[in-house]
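Have a look at the structure below, then the notes.
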Amino acid sequence: MSFLTFLGAVVVGLSLGLTGAGGSIITLPVLVYLGGLAPREAVGVSLFVVGVAALVGAGERFRAGEFHGRAAVLFALSGMAGAAGGARLTPLVSGEVLMVGFAGLMVLVAVRLLREGEGTVAMAPECRPWRCLAAGFGVGVLTGFIGVGGGFLLMPSLVKFARLPLRVATGTSLAVIAFNAAAGFWSHCGEAPPRWPLALLFAGVAALGVVVGTRWAGRLPVVRLRQGFAAMVLATGVLVLWQNLR
């Protein structure tokens, strides 16, 4: 693993630990452009790496009390079903189309995050089953299709549909990401078996990064974390679009 790939793994872990999102939205481009993997092969490795790192981060957040069990279960159950179905769609498109669609989604999400206000009105958590199951399923489909853990979609979904405070949504998001990524990874294994040495090393470095990021997160303003994450996602999305459309 090259130094830049190693650095990418650190950034993946820090992003997950700090914001509960962003792991695979960074992992997939790193594996393709720095790790030299084909897009379809990188999808499976990305899901493995993010699943391991998110599971470690979820444990850290659970111990800190930043976790909502009901929302995690509902989003995870429907998300795993969606991820398994979404993985069946990946072979239907070319690697170039997959990366362009992925980058376009990154740009849209980043712009929306940057346009959000400084705060939201606090509400009591309320995860209605039909609403949370539907939102979790939609995120799961994207998880399996483009190899993302879905945190950059889960975070706003948990806040909007389950009315979770941002820090609680972060911990809950990590748990759901771990389950969604596991379902998507299992579905992709038969198509393109991962390169285990790279996958295990990348996952180990990312897991260390998520522990550090989780401990830093409590010391930083939530709004600044979100804005920094959005800027990083926007820059990565624009770079991936440029690479594939030039």
Quiz item: How about segment 218-246: which of its residues are in a helix (DSSP H, G or I), closer than 30 Å to GLY65 by Cβ and out of contact with any Asp or Glu (no Cβ under 6 Å at 6 or more places or on another chain)?
Solution: VAL222, ARG224, LEU225, ARG226, GLN227, GLY228, PHE229, ALA230, ALA231, MET232, VAL233
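Is one or more of the residues making up segment 87-105 under 12 Å from VAL139 (Cα atoms), within 17 Å of the chain's Cα centre (by Cα) and part of a helix (DSSP H, G or I)?
No.
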Practice problem: Would you be able to say whether some residue in segment 230-237 is surrounded by 14 or more Cβ atoms within 10 Å (Cβ to Cβ), closer than 28 Å to VAL73 by Cα and not basic (Lys, Arg)? | Solution: yes
Practice problem: Considering every residue within segment 155-163, establish whether at least one is part of a loop (DSSP other than H, G, I, E, B) and either crowded, with 24+ Cβ neighbours inside 10 Å or not aliphatic (A, V, I, L, M) (or both). | Solution: yes
Quiz item: Out of all the residues in segment 147-163, is one or more of a type in the set (Val, Ile, Thr) and closer than 19 Å to ALA58 by Cβ?
Solution: yes
Exercise. Run down SER46, SER78, SER15 and say which single residue is touching a residue at least 60 places away in the same chain (Cβ under 8 Å) and in contact with a Cys (Cβ under 9 Å, 6 or more places away or on another chain).
Key: SER78
Exercise. Residue by residue through segment 1-31, note down the ones that are farther than 17 Å from ALA169 by Cα and not in a helix (DSSP H, G or I).
Key: MET1, SER2
Practice problem: Working carefully through the options VAL93, VAL109, find the one that is out of contact with any helix residue (DSSP H, G or I) (no Cβ under 7 Å at 6 or more places or on another chain), on the phi < 0 side of the Ramachandran plot, modelled with pLDDT under 85 and of a type outside the set (D, E, K, R). | Solution: VAL93
Quiz item: If GLY218 passes every condition in (1) within 16 Å of the chain's Cα centre (by Cα); (2) closer than 28 Å to ARG115 by Cα; (3) at pLDDT below 85 but one, which one does it miss?
Solution: (1)
Exercise. Tell me which residues, restricted to segment 167-198, are surrounded by fewer than 20 Cβ atoms within 10 Å (Cβ to Cβ) and either out of contact with any Gly (no Cβ under 7 Å at 6 or more places or on another chain) or among the acidic types (Asp, Glu) (or both).
Key: ARG167, TRP186, GLY190, GLU191, PRO193, ARG195, TRP196, PRO197
Exercise. Six or more apart or on different chains, Cβ under 8 Å: which pairs go from a residue in segment 91-115 that's without any contact (Cβ under 8 Å) to a residue 60 or more places away in the chain and more than 10 Å from VAL233 (Cβ to Cβ) to one that's aliphatic (A, V, I, L, M) and surrounded by fewer than 18 Cβ atoms within 10 Å (Cβ to Cβ)? Could you list them?
Key: GLY95/ALA38; GLY101/VAL93
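The values are calculated or read from the model by the stated rules, or taken from the named source; none is laboratory data. If you're wondering where the values come from, they're calculated on a predicted model, not measured in any experiment. Methodologically, a virtual Cβ is constructed for each residue, glycine included, from the backbone with ideal geometry; neighbour enumeration extends over all protein chains shown.
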